[in-house]
2 protein chains.
Amino acid sequence: MKTKKIDIDFENSIGPWLGRTGKMVDYFFQESFNAIGLDLTKEQMIVLKKLTFQDGLNQNELAFLTLRNKSSLTRLLTKMEKKNYIFRKQSKEDKRIKNVYLTKYGKDIYNKTKPVIQNLITTMEQNISKEEKQQIIKIFKKIQTNFSSSIEHI
Amino acid sequence: MKTKKIDIDFENSIGPWLGRTGKMVDYFFQESFNAIGLDLTKEQMIVLKKLTFQDGLNQNELAFLTLRNKSSLTRLLTKMEKKNYIFRKQSKEDKRIKNVYLTKYGKDIYNKTKPVIQNLITTMEQNISKEEKQQIIKIFKKIQTNFSSSIEHI
DNA sequence: GCTCCTTAGTTGCATATGCAACTATTTAAT
DNA sequence: ATTAAATAGTTGCATATGCAACTAAGGAGC
């Protein structure tokens with residue numbers, strides 16, 4: 001007897017849920033920035049955030065911390081430098097390295113994102129209990145571990 | 001007394017976990033396709049999947065189902081049409097509408113992705129119990145609801 | 001039947017991204 | 001010291017994406 005399940009059950013796995021939810025977060029993020037006239041993308045915000053916590057990181061470190069290809073980071077920084085959010089400075093010890101710093105303006109911009117981010121968190125985590133939050137983060141950690149251990153040995 | 005917490009607690013919210021995990025999934029996905037020489041992106045695969053379940057969808061419907069801007073879908077389809085995975089056909093009832101169909105080759109390609117997707121699910125959901133899976137999906141649903149209701153009334 | 005509004009799809013412009021090839025610089029090896 | 005290998009960053013080429021302006025076609029109102 002032939003079953004009607006002619007396809008694998010991808011739709012009920014975690015993947016699509018993750019993808020769709022992520023898209024909605026991204027969309028809401030950009031929407032919020034645009035709404036208050038912030039000339040900023042989520043990706044640029046993440047760079048500003050990392051630099052706020054540790055100014056002067058080099059591009060390699062920034063790329064690693066933001067899970068980004070170094071070429072992608074190069075271009076991201078070029079745009080941010082043009083907008084005067086950050087500036088690059090060649091290291092004196094090792095001329096290959098460029099350290100990246102926030103400008104005063106970049107700091108201002110980052111401060112302006114704070115209420116937006118706060119609002120995003122509030123909106124997103126509405127009706128979600130502390131336990132659920134812990135649960136989901138625990139599961140995220142597991143998934144990341146699963147992929148890390150799987151990708152390493154390739 | 002001044003607290004040391006000078007920044008909002010974005011890092012411990014769900015957002016970054018979601019973003020990073022999503023990136024890893026995407027990376028693993030692409031890696032897997034490339035590994036077996038499949039000339040396909042995750043996005044193209046999703047289109048193939050939707051068409052597998054319902055051949056002949058029009059572009060508007062496809063864009064909606066895949067959470068994509070219609071212009072983005074246009075270009076995605078153009079590339080897929082060039083690779084002969086799908087073809088467009090103008091509707092006779094309404095000449096504005098283009099229905100999209102899988103080619104024989106497109107079906108073959110989609111079938112080849114199945115083991116890859118199966119492997120992705122297996123890898124990703126390793127050590128994750130049925131209960132956890134239900135939990136995480138339930139929370140994803142909540143987040144999506146939160147954003148939907150929030151975006152609507154803008 | 002003509003005008004206006006709406007809808008489906010396309011295109012220009014801007015962003016982000018990965019891979020691979022390239023340059024410049026540093027370090028290791030002989 | 002000179003050569004070879006490794007490292008940091010950039011660039012070409014390809015993909016995907018959203019917004020806004022556009023074209024073509026359908027539908028409503030008169």
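The values are calculated or read from the model by the stated rules, or taken from the named source; none is laboratory data. No experiment lies behind these values; they were computed from the predicted model shown. Glycine also receives a Cβ, built like all others from the backbone with ideal geometry; neighbour counts cover every protein chain displayed. These accessible areas exclude ligands, DNA and RNA; they are computed on the full protein's heavy atoms, side chains included. Shrake-Rupley method; radii C 1.70, N 1.55, O 1.52, S 1.80 Å.
The table for this structure:
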{"quantity": "Qualifying position, being in contact (Cβ under 8 Å) with a residue 24 or more places away in the chain and on the phi > 0 side of the Ramachandran plot, among A:Gly106, A:Gly56", "calculated": "A:Gly56"}
{"quantity": "Verdict on A:Gln135 being in contact with a Lys or Arg (Cβ under 8 Å, 6 or more places away or on another chain) and within 7 Å of chain B (Cβ to nearest Cβ)", "calculated": "no"}
{"quantity": "Enumeration of residues in segment B:1-31 that are within 15 Å of B:Asn119 (Cα to Cα) and either open to solvent by 20 Å² or more (accessible area, probe 1.4 Å) or modelled with pLDDT under 90 (or both)", "calculated": "B:Met24, B:Asp26, B:Tyr27, B:Gln30, B:Glu31"}
{"quantity": "Checklist (1) more than 7 Å from chain A (Cβ to nearest Cβ); (2) within 30 Å of A:Thr145 (Cα to Cα); (3) among the charged types (D, E, K, R) applied to B:Lys70, failing item", "calculated": "(2)"}
{"quantity": "Qualifying helices (runs of 4 or more DSSP H) (wholly inside segment B:33-139; at least 2 residues being open to solvent by 50 Å² or more (accessible area, probe 1.4 Å) and away from DNA strand D (no atom under 12 Å from the Cβ))", "calculated": "B:42-53, B:59-65, B:104-124"}
{"quantity": "Search result, residues across segment A:49-64 that are within 15 Å of A:Tyr101 (Cα to Cα) and within 14 Å of chain B (Cβ to nearest Cβ)", "calculated": "A:Lys49, A:Lys50, A:Leu51, A:Thr52, A:Phe53, A:Gln54, A:Asp55, A:Ala63"}
{"quantity": "When residues of segment B:95-132 are limited to those that are within 14 Å of chain A (Cβ to nearest Cβ) and more than 22 Å from B:Phe28 (Cα to Cα), the one nearest to DNA strand C (Cβ to nearest atom)", "calculated": "B:Leu102"}
